[in-house]
Amino acid sequence: MEVFRKLFQTWGPQHWWPGRTRLEIIVGAILTQNTNWANVEKAITNLRRKRLLSLHALLTFPESTIAQAIRPAGYYNQKAKRLKAFASFLERTYGGSLRRMFSDTTPQLRQRLLSVPGIGPETADSILLYAGRRPVFVVDAYTRRVMQRHGWIRGNETYEDLAALCQQALPADVQLLNELHALLVRLGKTHCRTRPRCPGCPLEKLLPPDGPLM
DNA sequence: GTCCTGGCTA
DNA sequence: TAGCCGGGAC
């Protein structure tokens, strides 16, 4: 909570997730895997312009057509496959209804999302939090790096370990978890980069005496 | 050349 | 655990 307060006091609300619809948020969550968001926006713009941003289109258009549209997001062949995998999952499991999907319980839906090829824990949790408004903490590479550099974890924890650790330390508040993940991403892009830039960091006073650990 | 709101496979 | 996917921005 101290981390959240410091980050929020410094940068304020981050206005995530910038998607128009729940489907668009889910598509964005898949497209942004290991990819800069600016490139995802280009891909989503292409999908919209080509009328591919619908469940029906994702189900019916050939994978190669989807791939061409999302090319700016990188990994376009893999991601085209993943978008179609999610679309067929939604059709098969919930009759194509996002409303039915999001009326499922969080643990049940999470388990089912993880069974979709191309949806791992971070993508599943992003979907739950940002499209489903469920109080879920999203762990990402920045989260791990920030915690490791401050000596709060050993570094060999699994995704589920870190998620449990953070959930436990935080209230189950959708808005807070929404902002916190976005703020941690901002922190990772500005200060907690591959090479740390601690001077001026909102968390500078939380550093161990000898500085960052890695 | 490095990095980007990961996940799958061998 | 390493290698792979990959274009775009810097």
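The values are calculated or read from the model by the stated rules, or taken from the named source; none is laboratory data. Keep in mind the model is a prediction, meaning the values are calculated, not measured. Counting neighbours? That spans all protein chains shown, and the Cβs are built from the backbone with ideal geometry, glycine included. Just so you know, the surface numbers come from the protein's heavy atoms only, side chains and all, with ligands and any DNA or RNA stripped out. Shrake-Rupley method; radii C 1.70, N 1.55, O 1.52, S 1.80 Å.
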task: Return yes when A:Lys84 is open to solvent by 60 Å² or more (accessible area, probe 1.4 Å), in the same structural domain as A:Arg99 (by TED's automatic domain parsing), part of a helix (DSSP H, G or I) and among the charged types (D, E, K, R) and no when it is not.
output: no
Could you go through segment A:5-23 and let me know if any residue there is modelled with pLDDT of 95 or more and over 24 Å from A:Asp173 (Cβ atoms).
yes
Residue hits (segment A:131-149; open to solvent by less than 20 Å² (accessible area, probe 1.4 Å) and not β-branched (Val, Ile, Thr)) are A:Ala131, A:Gly132, A:Phe137, A:Asp140, A:Arg149
Going through segment A:75-130 in order, the residues found to be charged (D, E, K, R), over 17 Å from the mean Cα position of the chain (by Cα) and within 12 Å of DNA strand B (Cβ to nearest atom) are A:Lys81
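When segment A:87-122 is examined, which residues are found to be within 16 Å of DNA strand C (Cβ to nearest atom) and assigned to a helix (DSSP H, G or I)?
A:Pro121, A:Glu122
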Within segment A:150-201, residues closer than 13 Å to A:Pro212 by Cβ and open to solvent by 70 Å² or more (accessible area, probe 1.4 Å) come out as A:Trp152, A:Arg193, A:Thr194, A:Arg195, A:Arg197, A:Pro199
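Within segment A:107-130, work out how many residues are polar (S, T, N, Q) and surrounded by fewer than 15 Cβ atoms within 10 Å (Cβ to Cβ).
In the first step, residues of segment A:107-130 are kept if they are polar (S, T, N, Q); the result is A:108, A:111, A:115, A:123, A:126.
Now narrow it down to the ones that are surrounded by fewer than 15 Cβ atoms within 10 Å (Cβ to Cβ): A:108, A:111, A:115.
So the answer is 3.
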